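Worksheet: one structure, shown below.
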Amino acid sequence: MGRVVVEVMPKPEILDPQGKAVVGALPRLGFTQFTSVRQGKRFELEVDGDVTPEILAAAQEAATTLLSNPVIEDVVSVVDATEVPA
Amino acid sequence: MTPLSGARIGVITFPGTLDDRDAARAVRLAGAEAVALWHADADLQGVDAVVLPGGFSYGDYLRAGAISRFAPAMTAVVDAARGGMPVLGICNGFQILTEAHLLPGSMIKNDHLHFVCREQSMIVENAKTAWTNQFQAGQRITIPLKNQDGQFVADEHTLDELEGEGRVVFRYDGWNPNGSRRNIAGITNERGNVVGLMPHPEHAVEAGFGPASAEGPRAGTDGLAFFTSVLSSLVGA
């Protein structure tokens, strides 16, 4: 079974209110070294069989049409993340 | 109630929609027939205009409005809107309109991260759209606002374009309740038939059940003119 991982992040120029809340909470737990947090999304898309170039292209299209909104988000990666049996 | 105008206005229900009944009631109080439409049905039943009501369609999963945008009814709405049919998106309906690219920009979480529910004053900036022609430009109106993801964002170029073309329809008056760029509460498309806003006109259509006004507590009916506006624009069309 193949797996494609898609990662989506808020655009750098868009304020990320969730990331801002997280960076505000970190010092309360003693994590004072982190100056900024941005929160994104990771999608795992599974397919029967291998991740072919066509599957990757379809995942790329899904990433830009449904999984992200280009007004506020960037698709930062679409990769074959199929686990190879040891 | 017998419809006075003969106009038929559809109200679409998605899974997770909350305000469809109130929107239908507002349509009837304005004097039109409210037609219940279902998200999974591409047939708009020949309605003259469509309201996308508020709520949390698909639980706001992925992004608010992102999944509803691909509902069969929305494909029909996008086609009809491009042909000039009046479409009003309220709150979650506004989010759906931006996801469907009928309106520019997008909504992200409120800058203060809290759900906000209040009687919101705003200024009508464009009184020429299909949904605002019964207002006066510059008029202050008060209707309820209730949202979590209400911060309107767009790039500076888009914001300048919206301002330059008079497409900012409503601006928050006083406190900006969600951090929206340039205090924008609602916008329209180039043609003025598609309007989206975060506050809820359908909750301010009958004295006794609206926000406070000069006439007394719960007496506010500033939302009714949205629905009489569209009737007026349909008659004039």
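No value in this document is a laboratory result; all are computed from the given coordinates. Quick caveat: nothing in here was measured; it's all calculated off a predicted structure. As a convention, Cβ positions derive from the backbone with ideal geometry for all residues, glycine included, and neighbour counts pool all protein chains shown.
A few points about this structure:
- A simple charge model with +1 on the Cβ of Lys and Arg, -1 on the Cβ of Asp and Glu and nothing else charged puts the dipole of segment B:81-237 at about 220 debye relative to its Cα centre.
- Excluding same-chain neighbours fewer than eight residues apart, the lysines reachable from A:K11 by a Cα-Cα span under 16 Å are A:K20, A:K41, B:K109.
- Partner chain coverage, peptide A:2-13 - average Cβ within 10 angstrom: 1
- For segment B:1-86, the list of chymotrypsin sites (Phe, Trp or Tyr not before Pro) that fall in a loop by DSSP and count at most 14 other C-beta atoms within 10 angstrom reads B:Y61.
- Debye, to nearest 20: dipole size of the protein assembly as shown, +1 on Lys, Arg Cβ, -1 on Asp, Glu Cβ: 1040
- Comparing B:E215, B:E119, B:E190 in a Gaussian network model of chain B (Cα springs below 10 Å), the most mobile by mean-square fluctuation is B:E215.
- Taking the DSSP beta bridges with both ends in the protein assembly as shown, the antiparallel portion is around 70 percent.
- Applying both filters, DSSP loop and at most 13 other Cβ atoms within 10 Å, to the chymotrypsin sites (Phe, Trp or Tyr not before Pro) of segment B:75-161 gives B:F115.
- Rounded to the nearest Hz, the phi-derived 3J(HN,Hα) couplings of segment B:184-197 under the Karplus curve 6.51 cos²θ - 1.76 cosθ + 1.60 (θ = phi - 60°) are 6, 9, x, 9, 9, 8, 4, 7, x, 8, 10, 10, x, 8, where x marks glycine and proline.
- Cβ-based net charge around B:H200, under 10 Å, with every Lys or Arg adding one and every Asp or Glu removing one: -2
- Given charges at Cβ of Lys, Arg, Asp, Glu: segment B:98-185 dipole, positive-most of B:L103, B:V153, B:T132: B:T132
- If R0 is taken as 41 Å, the Cβ-Cβ distance between A:R38 and B:D79 corresponds to a FRET efficiency of 0.65.
- Cα centroid separation, segment B:200-232 to segment A:17-67 (Å): 42
- Hydrodynamic radius (Kirkwood) for the protein assembly as shown, which is based on Cα pairs only, to one decimal in Å: 20.8
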